[in-house]
Amino acid sequence: MKRLSIFGATGSIGQNTIDLVRRARAEYQVVALTGGANVALLARDAIDLRAEIAVTAFPERLEDLRAALAGSGVKAAAGPAALAEAAAMPADWVMSAIIGAAGLEPGLIALQQGATLALANKESLVTAGPLVMRTVAQHQAQLLPVDSEHSAIFQGLVGERIEDVERITITASGGAFRDWPLDQMAAATPAQAATHPNWDMGQRITIDSASMFNKALEVIETKEFFGVRPDQIEVLVHPESLVHALVGFRDGAQMAHVGTADMRHAIGYALHYPARLPLPVPRLNLAQVGQLNFYAPDPARYPALRLAWDVMEIGGMAGCIFNAAKESALDAFIAGHIGFLDMAQVVEKTLNKLAADRSLIQAEMSLETVKQTDKIARRLAQDFAMPQMTTDKG
Ligand code: NDP
């Protein structure tokens, strides 16, 4: 029986993972389920899957979690230390699906136990790619991608040598504002940005898709995961979201991964790897689709994308700064303090200012230095968002 834990169990990826686990529950022993504010859902699933422990990230939610678990035999715990302890509980397979940089530490701890980490939390690799990859190697752990593009690349590389790869193409839907005029995008609301044309995902990643910050994170994730050069990575807008990525080889062949927009494919691939087992995902009928479209992204529409290459060129802690500033700018946008297009400006200013500090950028990468840099970048991004808050309020 496979022992598994799900970090971020109450989110979009977490719930899709639970759907697959529930369908074959006799094969799994659930160790830990973790969530945030939604303790009712966390408790329901923990009881249903007979988890050993349920952990909420937020200490103020512990009493409610305890009450919801009363009499079930499932242990309750709360806070970052409890998340770390849950990550240290022996498990064969761990889903990393917390949103944001908060997902880094539990993932590192799971890798230190030698677990297979199914990585949806792309922020881990953007923030601390070298540290994550070093931890995998040191502990003979395994890292499997769950982002649909990276799962597609991974599958395209089965039986291949990375040195034969010429180019990796990841696709982007173009997000909610793909066809909007730029001036209208400037006035877009969080609710409008949180509507995805093709994928059903959490609010934050959906807004990041509209701005292409999500794609920028994925470009950096591609470099860190597969060890390719930045100039080998390209992004194409593909409005249908059916081709998730292409791997181009030096003989001119390109291997494309094609499938419906259902995250249970990538999650299921990571859950059963290296086997391929039947999955309850809709099958694609290409004759019905008829036509697939691709075009290069417009840099004026998606300034966030260009920043990914700046980050890779700067190196070191630039990814950590970029992600933290992005999370801060996104908070400010969701709170209605800055406009949609201001997010990229806030991030660029933060990155430029901190990139000048060589000792910060080149600091030796450890969990502690990453956390410190993250804090500095968040604070500065908040400062950059402030004047715009004043302007907005007139
Ligand atoms: P959601 O917002 O739907 O879920 C996030 C999860 O993290 C929830 O369980 C939430 O708890 C929990 N959480 C929130 N804040 C914290 C915190 N501070 N500490 C610990 N846990 C917290 O996100 P998604 O499922 O959409 O995304 C999860 C990750 O997967 C992200 O890194 C995203 O980029 C990546 N990803 C997502 C895809 C998708 O289809 N959704 C596709 C590819 C990658 P609660 O809800 O109870 O508050």
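Electrostatic tally near residue 318: other residues with Cβ closer than 13 Å to its Cβ, Lys and Arg +1, Asp and Glu -1, net -2. Considering all alpha-carbon pairs of region 124-234, what whole percent are spaced by more than 20 angstrom? When every Cα pair of region 124-234 is considered, 49 percent fall beyond 20 Å.
Each Lys and Arg adds +1 at its Cβ and each Asp and Glu adds -1 at its Cβ; summed about the Cα centre, the chain shows a dipole of about 640 debye. Note on residue 273: accessible area is roughly 70 Å² with a 1.4 Å probe, heavy atoms of protein only. At q = 0.09, 0.13, 0.16 Å⁻¹, what is the base-10 log of I(q)/I(0) for region 192-337 according to the Debye formula with one equal point scatterer per Cα and no solvent? Please give it to two decimals. With one equal scatterer per Cα and no solvent, log10 I(q)/I(0) is -0.34, -0.72, -1.09. Helical runs (DSSP H, four residues minimum) scored at -39500 (n - 2.57) apiece and divided by the length of the chain put the mean residue ellipticity at 222 nm at -14500 deg cm²/dmol. With R₀ set to 22 Å, the beta-carbon distance separating residue 27 from residue 133 gives a calculated FRET efficiency near 0.15. With a cut-off of 19 Å, note down the residues of region 314-341 whose backbone N falls inside the zone around a label point 7 Å from the Cα of residue 306 toward its beta carbon. Residues 314-315, 319, 322-323, 326, 340-341 fall inside that zone. What the Cβ-Cβ distance of residue 277 and residue 44 gives, at R0 = 25 Å and to the nearest 0.05, is a FRET efficiency of 0.45. In this structure, the residue pairs whose Cα-Cα separation is over 29 Å, taken from 75/326; 122/375; 75/223, are 75/326; 75/223. Once the 1.4 Å probe is applied to the protein heavy atoms, the chain comes out at 42 Å² accessible per residue. Here region 14-123 is treated with +1 on each Lys and Arg Cβ and -1 on each Asp and Glu Cβ, and its dipole about the Cα centre works out to around 220 debye.
For the chain, the Cα gyration tensor yields ellipsoid semi-axes of 30, 27, 22 Å (square root of five times each eigenvalue, largest first, whole Å). Expressed as a whole percent, the accessible area of region 93-143 that falls on carbon and sulfur atoms is 50 (1.4 Å probe). Please give the Cα centre distance for region 182-203 versus region 30-76, rounded to the nearest Å. Cα centroid of region 182-203 versus Cα centroid of region 30-76: 32 Å apart. As a calculated quantity, the FRET efficiency between residue 198 and residue 167 at R0 = 30 Å, using C-beta atoms, amounts to about 0.80.
Split the accessible area of region 239-279 by element, probe 1.4 Å, and carbon with sulfur accounts for 57%. Overall, the ratio between the Cα radius of gyration of region 2-52 and 2.2 N^0.38 Å, rounded to two decimals, is 0.99.
Atom-type composition of the exposed protein surface of region 155-197 places 50 percent of the accessible area on carbon and sulfur (1.4 angstrom probe). Counted as membrane-span-like here are DSSP H helices of the chain whose alpha-carbon atoms extend 15 Å or more along the helix's own axis and whose Kyte-Doolittle mean is 0.5 or above; these are 303-314, 318-334. What nm distance separates the two modelled labels at residue 251 and residue 186, each placed 7 Å from Cα along Cα→Cβ? Each label point lies 7 Å from its Cα, and together they span 5.2 nm. Computed over region 1-127, the P(r) tail beyond 26 angstrom holds 10 percent of alpha carbon pairs. Distance from the C-alpha centroid of region 345-377 to that of region 105-160: 23 Å, rounded to the whole angstrom. Here region 272-394 is described by how far its Cα atoms reach on the three principal axes: 52, 42, 26 Å, from widest to narrowest.
The values are calculated or read from the model by the stated rules, or taken from the named source; none is laboratory data. Keep in mind that this is a model prediction, so the values were computed, not measured. Don't worry about glycine lacking a Cβ; one is built from the backbone with ideal geometry, like all the others, and counts go over all protein chains shown. These accessible areas exclude ligands, DNA and RNA; they are computed on the full protein's heavy atoms, side chains included. Shrake-Rupley method; radii C 1.70, N 1.55, O 1.52, S 1.80 Å.
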